[in-house]
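Take a look at the structure below.
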Amino acid sequence: MHTPKTDPQADTSYRVLALLSQNPDLTQRELAEKVGVSVGGVNYCLKALVEKGWIKIDNFSQSKNKFGYIYLLTPDGVAQKVLLAGQFLKRKLREYEQLKLEIEGLKMEQLLNEKAYEHGQNTIENDQKQTNEARSDGNAIYR
C-alpha cells in the first residue's frame, strides 16, 4: 500500500520550534527526548534553525540549562512555525486518511477470512457426516 511521503527534517524543525516557543530554556537532551531524535540530531537542527534566522541562542544565567542557553524564536521563526504547522497538519491528515483506508481493507480481509474459515469448518462437518452416513448405510447392507 502506498504511504504518503513524510519530511522528517521539516517535522523535526516544526516540533523543535513548537517546543521552544512554549519553553525556550529546554536543554538539547530534553528537546531530543520530546522530539524523539538523538541529541546530535537536535544539535544539527538547532544549528540549521540559527543559520536560517528562525531562532537565536542567548546566554541566560537563570536558565535551567546547565550551559545557560535560552533558545528564542525570531519573528521569522514564528512565521515559519505557523507555516510548518500547516504543512505538518496536512501531512498528518493524509497519513490518517491512508491509515483509515488500510484499516478498512484489513477489516474486510479479516471478515472474509473468518467467513472462509466458517465455510471450511461447515464443509468438513458435512463431509464427515456424509462419510459416517455412508458407512452406516454400507454396514446395514451386510447385516
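The values are calculated or read from the model by the stated rules, or taken from the named source; none is laboratory data. Every value quoted in this text rests on a predicted model; they were computed, and no experiment measured them. With ideal geometry, Cβ positions are generated from the backbone for all residues, glycine too; neighbour counts draw on all protein chains shown.
Looking at the stretch 103-122 only, could you name the residues that are within 22 Å of the chain's Cα centre (by Cα) and of a type in the set (A, V, I, L, M)? Explain how you work it out, then say what you get.
Taking the stretch 103-122 as the starting set, the residues that turn out to be within 22 Å of the chain's Cα centre (by Cα) are 103-107.
I103, L106, listed by residue number.
State yes or no: is K107 basic (K, R), within 30 Å of L17 (Cβ to Cβ) and surrounded by fewer than 11 Cβ atoms within 10 Å (Cβ to Cβ)?
Details: basic (K, R): yes; within 30 Å of L17 (Cβ to Cβ): no; surrounded by fewer than 11 Cβ atoms within 10 Å (Cβ to Cβ): yes.
In short, no.
Within the stretch 12-26, can you find the residues that are touching a helix residue (DSSP H, G or I) at 6+ places or on another chain (Cβ under 9 Å) and either small (G, A, S) or modelled with pLDDT under 90 (or both)? Let's see the steps before the verdict.
Restricting attention to the stretch 12-26, the residues satisfying the condition of being touching a helix residue (DSSP H, G or I) at 6+ places or on another chain (Cβ under 9 Å) are 12-21, 23, 26.
Selection gives S13, A18, S21.
Looking at L112, is it in a helix (DSSP H, G or I), among the aliphatic types (A, V, I, L, M) and either surrounded by 15 or more Cβ atoms within 10 Å (Cβ to Cβ) or at pLDDT 95 or above (or both)? So that I can check it myself, show each step before the final result.
Values: in a helix (DSSP H, G or I): yes; among the aliphatic types (A, V, I, L, M): yes; either surrounded by 15 or more Cβ atoms within 10 Å (Cβ to Cβ) or at pLDDT 95 or above (or both): no.
Here the answer is no, as L112 does not meet what is asked.
Quick check on my filter: what residues within the stretch 43-62 are out of contact with any helix residue (DSSP H, G or I) (no Cβ under 6 Å at 6 or more places or on another chain) and assigned to a loop (DSSP other than H, G, I, E, B)?
Residues satisfying the conditions are F60, S61, Q62.
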